[in-house]
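J.: Could you have a look at this structure, given as structure tokens, before my questions?
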Amino acid sequence: SPTPAFDLLLFGGTGDLAMRKLIPALWQADAAGQLHVDGRILALGRKPFDDDGYRAWLTAHARPLIAGDVDDAAWRRFLCRVRYLPLDARAPADFVALAGQLPIDEGRALVAYLATAPELFAPICENLAAVGLNHEHARVVLEKPLGRDLASANAINDAVLAHFAERQVYRIDHYLGKESVQNLMAIRFGNVLFEPLWRREWVEHVEITIAEDLGVEGRGEFYDRTGALRDMVQNHLLQLLCIVAMEPPANMGADAIRDEKLKVVSSLRRFRPRDVAARTVRGQYAAGSVRGQPVPAYRDEPDVAPDSRTETYVALIAEIDNWRWAGVPFYLRTGKRLAERVAEIVIHFRDVPHALLPSAAGCATANRLVIHLQPEENIRLHVLAKAPGDGMELQSAALELDFTQRFAARRADAYERLLLDAIRGNLALFMRRDEGVEAWRWVEPILAEWAADPTPPAPYPAGSWGPAAASRLLYQDRHAWHEEC
Ligand code: BG6
């Protein structure tokens with residue numbers, strides 16, 4: 001059902017995220033009848049557009065990025081919701097003008113989406129509060145990166161929470177908005193089949209991969225001071241790990257879910273200096289070719305330092321020190337310019353206690369549950385069956401559930417889902433402050449060791465599966481990454 005009436009303030013209205021993700025998501029929500037007729041979008045930015053100028057800009061830049069057909073009349077109707085106000089985020093007077101643009105109606109939801117550089121989060125929140133736009137129906141959505149270490153994340157959180165209560169703060173991790181990630185919770189907590197096996201007695205190890213074939217895509221300046229650990233591991237990969245590893249929450253309320261995720265992050269074993277060398281691998285892509293197309297090395301990308309030591313690839317072994325997972329390694333990896341775009345979780349179960357039947361040559365002997373999150377969305381449960389023929393040999397075969405084929409309904413994009421949740425006031429898929437803080441605590445020793453280590457990240461050819469050291473990392477435990485099995 002549609003949202004309540006709302007005003008959405010889009011800070012960074014002419015930025016990349018607004019153009020690529022937020023406006024297309026709002027359009028899709030509108031086209032699906034999810035937005036209240038009295039839902040208004042006020043975009044804010046430095047560029048001196050008027051309403052019509054901004055709408056024309058959206059038509060030229062955002063509309064072509066929308067998947068599927070966009071009907072002209074429906075697009076014009078959508079644009080009627082959208083207005084633009086030039087604003088300097090550090091100028092209090094501009095916020096007086098902004099408040100003057102909003103209807104005085106106590107009951108309307110007010111969502112301030114900060115799709116800006118994090119340096120602007122504090123001044124924007126302060127300036128909103130100064131004109132009373134932090135009232136009880138107001139919410140603020142914060143885009144990542146929320147800081148670059150524990151101290152800076154704390155400083156941002158303190159500045160925001162000086163003006164907004166925690167229940168008004170929506171920290172986005174768009175991976176939690178993905179249908180496939182929520183489906184993972186449904187699979188775990190909706191079936192009797194998996195949960196009894198979902199523990200150290202039956203699970204041997206877990207792999208979580210987010211591989212990208214893209215490079216830094218014009219974001220060299222940002223990426224070179226960020227790197228894969230901060231860009232992907234501290235947030236997206238750890239959120240996936242939490243959803244795999246958390247205990248069933250008491251209910252599906254925001255705090256019940258976030259309490260359980262927090263317990264997982266707090267139970268992650270901290271890396272000692274010597275563990276960083278033994279249990280993490282960082283890489284950086286060299287020139288290579290992705291799907292037959294030659295691509296340059298990371299260091300030759302625009303706005304990247306020619307001697308950059310920023311990692312574009314990370315693989316590491318995480319361990320969760322709790323009763324359910326003690327002794328089960330979680331292998332995490334992510335990288336840019338890898339062989340393909342794929343996000344997947346592989347649960348490797350233990351071998352049977354006694355092998356009664358022989359396995360066909362080269363056949364994996366244990367059960368595996370492979371959960372593909374993107375681009376395809378499917379689940380494969382690898383089981384052993386009898387190989388056809390006279391003998392009695394086992395062969396691996398997969399039971400498969402393909403979500404796109406099985407369920408015809410349209411799947412909302414992550415940003416669409418999360419924007420609608422923010423407008424409706426549903427915090428369940430947003431991060432609480434303490435989760436982010438614990439995640440930084442876990443990541444910081446790795447950052448510190450890497451910063452002190454003069455060795456550059458291991459080079460890997462663009463289009464490969466990453467540095468050889470990442471294969472060795474698993475090999476030392478007698479394991480191999482999924483595609484190497
Ligand atoms: C973003 C990172 O948070 O996630 C990007 O900043 C990355 O570097 C992106 O490309 C990946 O998201 P998705 O949804 O395309 O897998």
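Please treat every number below as a calculation from the coordinates, not as lab data. All values derive from a computational prediction rather than experimental measurement. Every residue, glycine as well, gets a Cβ built from its backbone with ideal geometry; the counts of neighbours run over all protein chains shown.
J.: Hey, got a sec? Which trypsin sites (Lys or Arg not before Pro) in the range 217-290 land in a DSSP loop and have at most 14 other Cβ atoms within 10 Å?
T.: R225, R269, R270
J.: Then there's this: Going by the alpha-carbon gyration tensor, a ≥ b ≥ c the square roots of its eigenvalues, is the range 1-112 rounded (a/c under 1.5) or, if a/c is not under 1.5, prolate (a/b greater than b/c) versus oblate?
T.: Cα axes put the range 1-112 in the oblate bin.
J.: Taking the Cα centre as origin and putting +1 on Lys and Arg beta-carbons and -1 on Asp and Glu beta-carbons, what dipole magnitude results for the range 364-431, to the nearest 20 debye?
T.: Using only the charged Cβ atoms, the result is roughly 220 debye.
J.: Taking neighbour Cβ counts within 10 Å as the exposure measure, how do Y84, Y54 sort from fewest upward?
T.: So the ranking, lowest neighbour count to highest, is Y54, Y84.
J.: Ok, one more. Could you work out the percent of alpha carbon pairs in the range 42-95 separated by over 14 Å, rounded to a whole number?
T.: Counting pairs separated by more than 14 Å, the tail of P(r) holds 57 percent.
J.: Test of the criteria: in the range 237-323, which chymotrypsin sites (Phe, Trp or Tyr not before Pro) are in a DSSP loop and have at most 13 other Cβ atoms within 10 angstrom of their Cβ? Kindly include the intermediate steps, with their values, before the conclusion.
T.: Details: sites: F271, Y285, Y298, Y313, W323; in loops: F271, W323.
The qualifying sites are W323.
J.: Apply the Kirkwood formula to the range 130-274: the hydrodynamic radius equals the inverse of the mean of 1/r over all pairs of different alpha-carbon atoms; give it in Å with one decimal.
T.: Kirkwood radius, the range 130-274: 17.9 Å.
J.: Further question on the same structure: How much length would be gained if the chain were fully extended between L102 and A468, taking 0.36 nm per residue of separation minus their Cα-Cα distance, in nm to one decimal?
T.: Difference between extended and current length: 126.1 nm.
J.: Another question about this same structure. Computed on alpha carbon atoms, what radius of gyration and Dmax characterise the chain, expressed in Å?
T.: My reading of the Cα-based Rg and Dmax gives 23.8, 84 Å.
J.: Still on this structure, I have one more. At 222 nm, what helix-only mean residue ellipticity would the chain give, in deg cm²/dmol to the nearest 500, using -39500 (n - 2.57) for each DSSP H run of four or more?
T.: Calculated from helices alone, the mean residue ellipticity at 222 nm is -9000 deg cm²/dmol.
J.: Compute the long axis of helix 92-101 from its Cα atoms, compare it with the longest principal axis of the Cα atoms of the chain, and write down the angle in degrees, 0 to 90, nearest 10.
T.: The helix 92-101 is inclined about 80 degrees to the chain.
J.: For a quick check: sort R108, R90 by the number of other beta carbons within 10 angstrom, fewest at the front. Don't jump to the answer; show the numbers that get you there.
T.: Values: R108 18, R90 13.
Lowest count first: R90, R108.
J.: Measure nothing fancy, just the Cα-based angle from helix 414-424's long axis to the longest principal axis of the chain, in degrees from 0 to 90, nearest 10.
T.: 50
J.: Separation between the D94 and E119 pseudo-spin-labels, each 7 Å from Cα along Cα→Cβ, expressed in nm?
T.: Spacing of the two 7 Å Cα→Cβ label points: 1.4 nm.
J.: Can you sort D390, D300 by how many other beta carbons sit within 10 Å, fewest first?
T.: Ordered by Cβ neighbours within 10 Å, fewest first: D390, D300.
J.: Return the loop-located GluC sites (Glu not before Pro) in the range 135-186 (DSSP other than H, G, I, E, B) with at most 15 other Cβ atoms within 10 Å of their own Cβ; answer none if there are none.
T.: Within the range 135-186, the qualifying GluC sites (Glu not before Pro) (loop, at most 15 other Cβ atoms within 10 Å) are E136.
J.: Rounded, prolate or oblate: which fits the range 45-185 when a ≥ b ≥ c are the square roots of the eigenvalues of the alpha-carbon gyration tensor, with rounded for a/c under 1.5 and prolate only if a/b beats b/c?
T.: oblate
J.: Let me see the P(r) profile for the range 392-485: every Cα-Cα distance counted, bins of 5 Å, each bin given as a percent of all pairs.
T.: Percent of pairs per bin, in order: 2, 8, 8, 9, 12, 14, 16, 15, 10, 4, 1, 0.
J.: Farthest toward the dipole's positive end in the range 160-240, which of Q239, V160, G227, given Cβ charges of +1 (Lys, Arg) and -1 (Asp, Glu) about the Cα centre?
T.: Positive-end residue among those listed: V160.
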